[in-house]
Structure formats: C-alpha cells, structure tokens
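Read the figures in this text as sums done on the coordinates, not as results from a lab. Owing to the predicted nature of the structure, the values given are computational and were not obtained by experimental measurement. Here the Cβ positions follow ideal geometry from the backbone for every residue, glycine too, while neighbour counts run over all protein chains shown.
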Amino acid sequence: MVLKKGLPPDADFIFDVRCLPNPYWQPELRALSGLDKAVAHYLQSIPASQELLNDIVHYLTKWIPSFEADNRSYITIAVGCTGGQHRSVYLVEEIAKKLKKTFKNLQIRHRELKV
C-alpha cells in the first residue's frame, strides 16, 4: 500500500481503498477532504464505493466479536489510500457511522489530516 507515512504498525485490520476513483483528480475536489460534503457526494455516486463500504462493514461486524471474545481491549482498523485525504477519510467516517450502532466505544483518527 502506498501511504505517505507507511502502514500503521499497530493495525489489526488494514483495508486498501485505492481501487476507488481518486477525488484528487477532480480539480474542484483536490483541496478538500473526505470530511467535505462534495467529496462524500462524489464517492457516494460511485456504486463501487458503496459496495466496498458494505463489504468492509460486514467483515468487521462479523469478526470484531471474535476479538472481543478473546478479551482484546481494543483493535485498530486502518483504511488507506494514496494520500490519506479523500477516499480513506470518507470511508472511515462511513464505517464508523455504521459500526457505532453495534460497537459503542469507537475512536476515529485521520493520520494524514490536520484536524
């Protein structure tokens, strides 16, 4: 995976989302991030984005309970793309929205954003 700062060494799950179209190449979206509505709208309009989101959520919903049953106090889920600004940020936010219904103690950190 090509990330500016490399793979997170403590990640339990890593999802590479570079297979999705990169909003960076849309001039009007380049300076924005996955937290902006315009980027979210762009990615939501791509069926593969929603399919990938649903697949990741399904996978995590199925396997996180196994980690909990093994008395893990936390797990780290990493989502990466080329620059960590658009696709991964959008997907992390969407994954968290869906997982918060089942798993209450979620923390989000966007490593590449100055938030």
With +1 on the Cβ of every Lys and Arg and -1 on the Cβ of every Asp and Glu, the dipole magnitude of the chain about its Cα centre, in debye rounded to the nearest 20, is 300
Under Stokes-Einstein, the chain at 25 °C and 0.890 mPa s, with its Kirkwood radius over C-alpha pairs, diffuses with a coefficient in µm²/s of 167
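Give the order of 45, 88 when sorted by the count of other beta carbons within 10 angstrom, beginning with the fewest.
On the way: 45 10, 88 27.
The fewest-first ordering by Cβ neighbours comes to 45, 88.
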Amide H contacts under 5 Å for residue 80, restricted to residues at least 5 apart in sequence or on another chain and with H modeled in the peptide plane, are 15, 16, 17
Ranking 82, 41, 22 by how far each Cα lies towards the positive end of the charge dipole of the chain (+1 on Lys and Arg Cβ, -1 on Asp and Glu Cβ), the top one is 41
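At a 10 Å Cβ-Cβ cut-off, how would you order 75, 64, 108, fewest neighbours first?
Ranked by crowding around the Cβ, least crowded first: 108, 75, 64.
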Region 63-115: relative contact order from alpha carbon pairs under 8 Å, six or more residues apart, as a whole percent, is 30
Out of 39, 79, 57, a Gaussian network model of the chain with alpha-carbon springs under 10 Å gives the largest mean-square fluctuation to 57
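Efficiency by 1/(1 + (r/R0)^6): what FRET value for residue 61 and residue 25, r their Cβ-Cβ distance, R0 = 30 Å, to the nearest 0.05?
Working: r = 32 Å, r/R0 = 1.07.
Rounded to the nearest 0.05, the efficiency is 0.40.
Rank the residues 62, 114 as a footprinting-exposure proxy: fewest other Cβ atoms within 10 Å of their Cβ go first.
On the way: 62 9, 114 5.
Fewest-to-most ranking of 62, 114: 114, 62.
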GNM on the chain, Cα springs under 10 Å; top mean-square fluctuation among 76, 61, 102 goes to 102
Mean separation of Cα contacts under 8 Å (at least 6 apart) over the residue count of the chain, i.e. the relative contact order in percent, is 40
Restricting to aspartates and glutamates and to Cα separations under 14 Å from residue 37, and discarding same-chain partners fewer than 8 apart, the set is 28, 93, 94
